[in-house]
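This report concerns only the one structure given below.
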Amino acid sequence: MSKRIDEVDKYYKPIKKLDELNNILFWASVVLSLAVFYENKITLIGWHEWSSVLFIIVVAVHLLLSLYLEFLLVPLADGKRRKQLLSNSFGIPLTSEKTQEYYNNPLVPSIARLGANLLENLLFTKSISSRMASKERTKVLLYFVIWVLALSWRSTELGLAVIITQTLFSSEILALWVLIELLRHQSEVLYNELYNSFLHKINLENPNGVATSIDALLAYETSKAMTRVRLSTSIFTELNPTLTVEWNKIRKLLGIDNEPRE
């Protein structure tokens, strides 16, 4: 059995590390905003002089790191992944990075292989984003309960209520959950549409089939670019064995394994 190789993954590793750092910076900014709000009650020497400065620095670094990720590292990695998908689908080396056992179907390089590769991608995306959405719902519910309790408590100061509200409705909590739900929904819709194309034996090599595959590819890439959601590596690792078995069953069910091999 050949070993799985994914040389494109090296572009995503720094993104994962910087995402973790950025998440730490976000919560540090929340803590510092609370510290600045209650600075008169903190008796540490020099705190009054440095609290606001430290808060500004953390917020600025968080912003710059977010921009660096969103406009440089993530587009670069996604571009490499997209080129590798097309290289595998059509047998053309658009990129020097290689993969092995990343896409798993026996189809020869063709628009049909692109459709099968995309169907496999969508299976993993919808499953992983669904698990991510489930976890985010729990987190958002917890934060929402805290927010409601804070607003309901008469002794809660207005400034504190503003900080809690700003945290809840930030891109790290509520907005992130909405984007994950959007990616989950769109990947499920695209998966079902492409699945039905294979199920009903639509000829993917004629103009209608080509248009179907290209439309699905563009819709998938647009969804990823619009939501900017990075799929969880830990959830992928957890689900990969189960999803691999499921994909093998789907290939046989749809007759993909009966197509000519390279």
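The values are calculated or read from the model by the stated rules, or taken from the named source; none is laboratory data. Here the structure is a predicted model, which is why all the values come from computation and not from measurement. Heads up, the Cβs are rebuilt from the backbone with ideal geometry, glycines too, and the neighbour counts pull from every protein chain shown. Heads up: the accessible areas ignore ligands, DNA and RNA and are worked out on the full protein's heavy atoms, side chains in. Shrake-Rupley method; radii C 1.70, N 1.55, O 1.52, S 1.80 Å.
Under conditions of 37 °C and 0.692 mPa s, segment 47-199 yields 170 µm² s⁻¹ as its translational diffusion coefficient, taking Rh as the Kirkwood radius over Cα pairs in the Stokes-Einstein equation. Computed on segment 70-123, the Cα convex hull volume stands at 85 Å³ per residue. For segment 66-82, putting each phi into the Karplus relation 6.51 cos²θ - 1.76 cosθ + 1.60 with θ = phi - 60° gives couplings of 4, 5, 4, 5, 5, 10, 10, 5, 5, x, 5, 5, 5, x, 5, 5, 5 Hz, in residue order, rounded to whole numbers and with x for Gly and Pro. Under 21 Å of direct C-alpha separation, and excluding same-chain neighbours fewer than eight residues apart, LYS252 reaches these lysines: LYS126, LYS201.
Loop-located GluC sites (Glu not before Pro) across segment 88-144 with a Cβ neighbour count of 15 or fewer within 10 Å are GLU101, with loop assigned by DSSP. Phi angles across segment 118-131 convert, under the Karplus curve 6.51 cos²θ - 1.76 cosθ + 1.60 with θ = phi - 60°, into 3J(HN,Hα) values of 5, 4, 5, 4, 5, 4, 5, 5, 5, 6, 5, 5, 5, 5 Hz, Gly and Pro given as x. In this simple spin-label approximation, LYS135 and ILE24 carry label points 7 Å from Cα along the Cα→Cβ vector, and these lie 1.8 nm apart. Residues in the chain average 58 Å² of solvent-accessible surface per residue, probe 1.4 Å, ligands and nucleic acids excluded.
Our summary gives the chain a relative contact order of 24 percent, counting only alpha carbon pairs under 8 angstrom and 6 or more residues apart. Among the protein heavy atoms of segment 50-176, carbon and sulfur supply 69% of the accessible surface, probe 1.4 Å, non-protein parts ignored. Computed with the Debye formula from one identical point scatterer per Cα of the chain, without solvent, the log10 of I(q)/I(0) at q = 0.08, 0.14, 0.17 Å⁻¹ comes to -0.44, -1.01, -1.35. For ILE5, the residues whose modelled amide H falls within less than 5 Å of its own, excluding neighbours fewer than 5 places apart on the same chain, are GLN100, GLU101, TYR102.
Descending by average beta-carbon neighbour count within 10 Å, the peptides 144-156, 167-179, 59-71 line up as 167-179, 59-71, 144-156, the highest first. Close amide H pairs (under 5 Å, H built 1.01 Å from N) link ILE173 with no residue at least 5 positions away or on another chain. Evaluated over the Cα positions of segment 1-133, the convex hull gives a direction-averaged projected area, one quarter of its surface, of 11.5 nm². Compared with the direct C-alpha span, the chain from VAL189 to VAL61 gains 42.3 nm at full extension, assuming 0.36 nm per residue. Angle check, please: helix 13-37 long axis (alpha carbons) against the longest principal axis of the chain (alpha carbons), in degrees 0 to 90, nearest 10. For 13-37 against the chain, the angle is about 20 degrees.
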